[in-house]
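Notes for the one structure printed next.
The values are calculated or read from the model by the stated rules, or taken from the named source; none is laboratory data. Since the model is a prediction, treat every value here as computed from it, not as a measurement. FYI the Cβ positions are ideal-geometry reconstructions off the backbone, even for glycines, and counts take in every protein chain you see. These accessible areas exclude ligands, DNA and RNA; they are computed on the full protein's heavy atoms, side chains included. Shrake-Rupley method; radii C 1.70, N 1.55, O 1.52, S 1.80 Å.
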Amino acid sequence: MAIVCTEIYIGTTDGAADLTREDSPSGLWIKPIPPGPRVQRGLMRLASVYEVGSFMGCSCGLVLDESFKDDPAERYDQRLANVRELASILREHATQIVRIMTLLEYDLRSLADFPRRTLNLDDMANAKEFVFEDDCVYEIHTGRH
């Protein structure tokens, strides 16, 4: 049985910022979805959409659980670095980011069908455990007033 990873996408205001990351020391990467019709862009209803991944090649390195500290194969410290780096990038570009979407099942057919969550960047940056929920739309809360 194949393991399916949750896909993570960031949508920005058109042309507002380039979130592309390829050579991150932590292994975090962000790449633009190529132009043309794409399911992800259609669901997000935005022209500028980026896919997010970790040192593991997929989004799995952005799952952080304290129990991973006991298993060197889980590379807790590198996962922590990925989560903190992503939180920093999201904070830096918070005004240009319209939404973050996670996709796993692809059974939701419109943006209105997705549950909404708030992503608190302060909590994310300081977390010892972190995970994006599957098939959700996140809006950013920076914790600043």
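Based on the convex hull around the alpha carbon atoms, the chain presents an average projected area of 9.3 nm².
Taking Lys and Arg as +1 and Asp and Glu as -1, the other residues whose beta-carbon sits under 9 Å from that of Ile33 total +2. The sum of -39500 (n - 2.57) across all DSSP H runs of n ≥ 4, divided by the residue count of the chain, sets its helix-only mean residue ellipticity at 222 nm to -6000 deg cm²/dmol. Separation of region 1-44 from region 71-86 is 20 Å, based on Cα centroids.
Axis angle, to the nearest 10 degrees, between helix 76-92 and the longest C-alpha principal axis of the chain: 30 degrees.
Overall, the accessible surface of the chain at a probe of 1.4 angstrom is composed of carbon and sulfur to the extent of 49 percent. Packing, taken as the mean count of other beta carbons within 10 Å per residue, orders the peptides 95-103, 71-79 from highest to lowest as 95-103, 71-79. Taking amide H atoms as placed 1.01 Å from N in the peptide plane, list the residues 5 or more away in sequence, or in a different chain, whose amide H sits under 5 Å from that of Val98. Sorted by chain and number, the residues that satisfy this are Gly11, Thr12, Thr13.
Computed packing ranks the peptides 36-48, 12-24 as 36-48, 12-24, most packed first, by mean other Cβ atoms within 10 Å.
Summing charges over all other residues whose Cβ lies under 13 Å from the Cβ of Arg75, with Lys and Arg as +1 and Asp and Glu as -1, gives -3.
Database remark: amide H of Met56 closer than 5 angstrom to the amide H of Gly61 (H placed geometrically; neighbours at sequence offset of 5 or more, or on other chains; Pro and chain starts carry no H). For the chain, the relative contact order comes to 26 percent (Cα pairs under 8 Å, sequence separation of at least 6). Computed packing ranks the peptides 80-87, 123-130 as 80-87, 123-130, most packed first, by mean other Cβ atoms within 10 Å. By the rule of a second cysteine Cβ within less than 4.7 angstrom, the chain holds isolated cysteines at Cys60, Cys136.
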